[in-house]
Amino acid sequence: MCRTNVSTVVPPRHPTRLDGHQIQHDDARRVGVLHGPKGSSSARDNTSSKARHDSICFPYSEIGGAPALIVSPHHPRFLSLATRERLEKAMRAGIVVPQGLIAHGRGEAFDYILGEETLPAASAATSAAAALLLTAKHPVVSVNGNTAALAGREIVNLSLAISAPIEVNLFHRTRRRERLIAAYLKRLGSEEVLGIGEAASNAIRGIASQRRRTDPRGIGQADVVLIPLEDGDRAEALSRDGKKVIAIDLNPLSRTSRAASVSIVDNVIRAIPALTDAYNKMKKMPRDRLERLASEFDNQRNLAKAIQEMIQYLRGWA
């Protein structure tokens, strides 16, 4: 029997019920534990002594009768493994496509060279993003499969906090997958999810993929769009259409990061709660101060700062 006092990964009662999975974060909202340079550690050891002797059962492969993987909560990659398990379950449920697993692995590699924590450049971008959302007339939160699986509850909480609709937008788009993601987000508390089926009747110019489709009630009329884990061509097209784009991307060199008005170089699991917190803390600020904060933010300079922070972290290993 596998048990733990730290975290529970519960197989869903229904193939699409991913909300039973609990992904634990430490005080810095890290999704994994990476031992830091020079023998230091980038995450706190905050579990009880009893929990150190417990273990957790990850039923990684239910295909072909493969045995479950047993991982101690003090495994150095425990939280990372729990996140991967969540994505794997979401893929089986039809929310995430196999290509999404590859994209997550690429992002996790960049998170390693952030030390798996939120760095100052990301915090500065988060404040600028909150200012944009607070001054927006029609903000919209765009969601794809990976975002829903990794941070669905956090996305819903943000959407409710900023009074912005959620719109599903997918590269690998099928009616079934749209509906699965919408149903999952509604179970987490979203009142309405846009962009489903024929509702996505608008098209963004300059995009050849299915991501060109938008809902006229959502992204179609939005002035500010939050695009976590986004494609570069869509970020560029939204910017060309005159929309302010807030990206969440672990790669500061990506086209998405470069095209956005504000790019938060951070893991989406940390970034969304941090953005919600910033929004709530800043909503009493005078509007002119918020507008100044948003307009004076230099995204390219902040991306350069994020790269320097990565380099500084890597130098600690030399």
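Read the figures in this text as sums done on the coordinates, not as results from a lab. Note that the coordinates shown come from a computational prediction; the quantities given were computed from them, not determined experimentally. When we count neighbours, we look across all protein chains shown, and the Cβ atoms used for this are built from the backbone with ideal geometry, even at glycine.
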Positive-pole candidate from GLY189, ALA161, GLY206, dipole of the range 136-270, charges at beta carbon: GLY206
Mind giving me the FRET efficiency for ARG205 and ARG179? R0 is 41 Å, r the Cβ-Cβ distance, nearest 0.05 is fine. 0.95
The answer for ARG213, listing residues at least 5 apart or on another chain whose modeled amide H is closer than 5 Å to its amide H, is ILE204
Any of LYS243/LYS281; LYS89/LYS244; LYS137/LYS243; LYS186/LYS283; LYS283/LYS305 with alpha carbons more than 22 Å apart? Name them for me. LYS243/LYS281; LYS89/LYS244; LYS186/LYS283; LYS283/LYS305
Using the number of other C-beta atoms within 10 angstrom as an exposure proxy, rank SER72, SER263, SER163 with the fewest first. SER163, SER72, SER263
With a ≥ b ≥ c taken as the square roots of the eigenvalues of the C-alpha gyration tensor of the range 158-282, please select rounded if a/c is under 1.5 and otherwise prolate if a/b is larger than b/c or oblate if it is not? oblate
Residue by residue, what Karplus-based ³J(HN,Hα) values in Hz, rounded to whole numbers, does the range 240-250 have, using 6.51, -1.76 and 1.60 with θ = phi - 60° and x for Gly and Pro? 4, 6, x, 8, 7, 10, 10, 9, 10, 8, 6
I want to check the label-to-label distance for GLN300 and ARG287. Put each point 7 Å from Cα in the C-beta direction and report it in nm to one decimal. 3.1 nm
Apply the a/c threshold of 1.5 to the C-alpha gyration tensor of the range 122-169 and tell me whether it is rounded, prolate or oblate. oblate
Could you go through the range 263-280 in sequence order and give the Karplus-derived ³J(HN,Hα) for each residue, using 6.51 cos²θ - 1.76 cosθ + 1.60 with θ = phi - 60°, rounded to whole Hz, and x for Gly and Pro? 10, 9, 8, 6, 6, 4, 5, 8, 5, 5, x, 5, 5, 4, 4, 5, 4, 5
For the range 231-273, what class follows from the C-alpha gyration tensor (a ≥ b ≥ c being the square roots of its eigenvalues): rounded when a/c is under 1.5, otherwise prolate if a/b is larger than b/c, else oblate? prolate
For ILE227, ILE204, ascending order of other Cβ atoms within 10 Å (fewest first) is ILE204, ILE227
Relative contact order, percent, of the range 120-315 when contacts are C-alpha pairs under 8 Å separated by at least 6 residues? 28 percent
What net charge do the residues around ALA200 carry, taking every other residue with its C-beta under 9 Å from that of ALA200, with Lys and Arg at +1 and Asp and Glu at -1? -2
In the range 120-315, what % of DSSP beta bridges are antiparallel (nearest 5)? 10 percent
Using 0.36 nm per residue, how much length does the chain from HIS172 to ARG240 gain when fully extended, once their Cα-Cα distance is taken away? 22.2 nm
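So how much slack lies between ARG106 and ARG315, counting 0.36 nm per residue of separation and subtracting their Cα-Cα distance, in nm?
Separation in residues times 0.36 nm, less the Cα-Cα distance, equals 73.1 nm.
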